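See structure below.
The values are calculated or read from the model by the stated rules, or taken from the named source; none is laboratory data. A quick note: this is a predicted structure, and the numbers were derived from the prediction, not measured. Ideal geometry is used to build each Cβ from the backbone, glycine not excepted, and the neighbour counts take in all protein chains shown. Areas reflect the complete protein model, heavy atoms only, side chains present, ligands, DNA and RNA absent. Shrake-Rupley method; radii C 1.70, N 1.55, O 1.52, S 1.80 Å.
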Amino acid sequence: MSTDEVKDTLGAMGSDPSYVWMSGELVAWDDAVVHASTLGWSAISMVFEGIRGYWNSEEEQLNIFHLDLHLERLLRSMKVMRMTSPWSVAELKRTIVDLVQANEFRDDIYIQPLAYFGGSTTPGYLPVSERPGDITIFNRQIGSVLGSGQITSCGVSSWTRISDNVMPPRVKAIANYQNSRYVADESSRHGYDFGIILNPQGKVSEISYACLYIVRDGVAITPPVSAGILESITRDVVRHLFQDELGVQVVERDIDRTELYIADEVFICGTGAELQAVGSIDGYQIGNGGMGPLVSQLEQLFHDIVRGKDSRYPEWRSGVY
């Protein structure tokens with residue numbers, strides 16, 4: 001979602017959840033606190049995940065999308081930070097399902113686990129040996145743009161993407177997102193919904209907070225992980241749906257900036273952004289300026305699968321109710 005849409009969605013969230021899970025304990029929302037001394041230092045090494053749950057009103061079922069993969073990525077991010085998890089993926093999965101049930105949301109939700117070095121005033125920049133991290137998990141009601149026909153505008157940012165030898169983008173870390181925040185702030189000030197980040201080699205990397213695909217001559221093209229992108233779960237789902245369900249060839253390769261302008265279709269994808277067509281980039285109209293035929297098919301298929309309206313890929317969904 002664009003910055004303005006995020007603000008609108010946050011404003012429409014409604015009441016706070018009843019409970020937060022904090023390192024093994026279900027805690028009332030108002031009691032879910034940490035000591036002020038952990039602020040700042042804990043965020044330096046903090047890693048997180050964003051996970052969506054989609055409500056199927058016909059079946060009265062909430063489906064959490066790719067919960068296992070998100071938790072596996074969380075533990076990989078913790079490993080790079082030399083942080084160990086006291087809980088396995090299976091234990092965290094059960095915890096999240098229990099938490100969502102306790103909060104009794106019957107709507108689309110967003111779940112966020114946070115892992116950090118807590119319980120100490122030791123500055124987070126000091127070298128540390130591997131040690132357990134604290135994990136906090138909360139979930140909130142959040143809207144979905146799927147099916148809305150949302151068209152976004154993008155501009156190529158003057159900021160450069162971080163690289164693996166600087167701050168590894170495959171780690172979903174709070175500190176890494178400062179790079180995306182600079183891009184998002186700049187693009188918003190220039191009147192765009194999202195900013196497109198180029199890597200140090202001048203090739204397209206990703207969007208602020210999301211990944212990117214272009215379509216040329218019926219082929220879907222996306223930058224490789226080596227271009228400085230997050231190892232995106234949604235990006236991999238898109239590749240699978242294109243190839244196995246829609247018969248569209250997918251190629252991972254470098255993309256030049258000007259190739260964006262002449263693409264037949266461009267869209268962004270990610271847990272937060274979901275799937276959104278791009279209508280213009282740097283003022284250049286993409287295709288007809290609306291949602292192209294391949295993106296339209298993909299979005300409908302993705303929407304039906306994540307909500308459980310399409311029964312295929314049940315292993316992608318974790319039912320809550």
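Ala277 falls short on exactly one of the conditions (1) within 28 Å of Ile51 (Cα to Cα); (2) out of contact with any Phe, Trp or Tyr (no Cβ under 6 Å at 6 or more places or on another chain), and that condition is (2).
Tallying residues that are at positive phi and aromatic (Phe, Trp, Tyr) within the stretch 261-316 yields 1. If you go through the stretch 214-238 and keep only what is over 12 Å from the mean Cα position of the chain (by Cα), assigned to a helix (DSSP H, G or I) and over 15 Å from Ile255 (Cβ atoms), you end up with Asp236, Val237, Val238.
Got a number for residues in the stretch 168-213 being under 19 Å from Ala277 (Cα atoms), assigned to a loop (DSSP other than H, G, I, E, B) and of a type outside the set (Ser, Thr, Tyr)? Summing the residues that are under 19 Å from Ala277 (Cα atoms), assigned to a loop (DSSP other than H, G, I, E, B) and of a type outside the set (Ser, Thr, Tyr) in the stretch 168-213 gives 2. The set of residues in the stretch 239-259 that are in a loop (DSSP other than H, G, I, E, B) and open to solvent by less than 20 Å² (accessible area, probe 1.4 Å) comprises Val248, Ile255.
Any chance the stretch 206-226 includes a residue that's among the aliphatic types (A, V, I, L, M) and open to solvent by 30 Å² or more (accessible area, probe 1.4 Å)? First the steps, then the outcome.
In the first step, residues of the stretch 206-226 are kept if they are among the aliphatic types (A, V, I, L, M); the result is 207, 210, 212, 214-215, 219-221, 225.
Next cut, open to solvent by 30 Å² or more (accessible area, probe 1.4 Å) only: 219, 225.
Within the stretch 206-226, one or more residues are among the aliphatic types (A, V, I, L, M) and open to solvent by 30 Å² or more (accessible area, probe 1.4 Å).
Within the bounds of the stretch 304-318, is there any residue that is without any contact (Cβ under 8 Å) to a residue 60 or more places away in the chain, small (Gly, Ala, Ser), open to solvent by 10 Å² or more (accessible area, probe 1.4 Å) and assigned to a loop (DSSP other than H, G, I, E, B)? Yes, the conditions are met somewhere in the stretch 304-318.
Taking the condition touching a residue at least 40 places away in the same chain (Cβ under 8 Å), over 16 Å from the mean Cα position of the chain (by Cα) and open to solvent by less than 10 Å² (accessible area, probe 1.4 Å), does Val295 pass? Step through it out loud before you land on a result.
On the way: touching a residue at least 40 places away in the same chain (Cβ under 8 Å): yes; over 16 Å from the mean Cα position of the chain (by Cα): yes; open to solvent by less than 10 Å² (accessible area, probe 1.4 Å): yes.
Yes; evaluated as a whole, the condition is true for this residue.
From Ser129, Ser144, Ser188, Ser180, which residue is out of contact with any Leu (no Cβ under 8 Å at 6 or more places or on another chain), under 27 Å from Met81 (Cα atoms), surrounded by 14 or more Cβ atoms within 10 Å (Cβ to Cβ) and of a type in the set (S, T, N, Q)? Reasoning before the result, please.
Values: Ser129 fails: surrounded by 14 or more Cβ atoms within 10 Å (Cβ to Cβ); Ser144 fails: under 27 Å from Met81 (Cα atoms); Ser188 fails: under 27 Å from Met81 (Cα atoms).
None of the others qualify; the one that does is Ser180.
Of the residues making up the stretch 132-172, those that are free of Cβ contacts under 8 Å to residues at least 40 places away in the same chain and under 25 Å from Ile305 (Cβ atoms) number 1.
Are there strands (runs of 3 or more DSSP E) fully within the stretch 24-118 with at least 2 residues that are open to solvent by 30 Å² or more (accessible area, probe 1.4 Å) and more than 23 Å from Gly143 (Cα to Cα)? List them. Outline the logic, then answer.
Details: elements: 25-28, 51-56, 61-65, 109-116.
Because the criterion is at least 2 residues that are open to solvent by 30 Å² or more (accessible area, probe 1.4 Å) and more than 23 Å from Gly143 (Cα to Cα), the strands (runs of 3 or more DSSP E) in the stretch 24-118 that meet it are 25-28.
Quick check on the stretch 84-102. Is at least one of its residues within 25 Å of Leu39 (Cα to Cα), of a type outside the set (Val, Ile, Thr) and touching a Lys or Arg at 6+ places or on another chain (Cβ under 8 Å)? No: zero hits. Would you confirm whether any residue within the stretch 150-159 is open to solvent by 40 Å² or more (accessible area, probe 1.4 Å), over 22 Å from Asp236 (Cα atoms), at pLDDT 95 or above and aromatic (Phe, Trp, Tyr)? Yes, the stretch 150-159 contains at least one residue that is open to solvent by 40 Å² or more (accessible area, probe 1.4 Å), over 22 Å from Asp236 (Cα atoms), at pLDDT 95 or above and aromatic (Phe, Trp, Tyr). Evaluated against (1) surrounded by fewer than 22 Cβ atoms within 10 Å (Cβ to Cβ); (2) assigned to a strand (DSSP E or B); (3) touching a Lys or Arg at 6+ places or on another chain (Cβ under 9 Å), Gly272 falls short on exactly one condition, (2).
Any chance the stretch 8-20 includes a residue that's among the polar types (S, T, N, Q), at pLDDT below 95 and open to solvent by less than 70 Å² (accessible area, probe 1.4 Å)?
First pass over the stretch 8-20, keeping only residues among the polar types (S, T, N, Q): 9, 15, 18.
Remaining after also requiring at pLDDT below 95: 9, 15.
Then keep just the ones that are open to solvent by less than 70 Å² (accessible area, probe 1.4 Å); that gives 9.
Checked the stretch 8-20: at least one residue is among the polar types (S, T, N, Q), at pLDDT below 95 and open to solvent by less than 70 Å² (accessible area, probe 1.4 Å).
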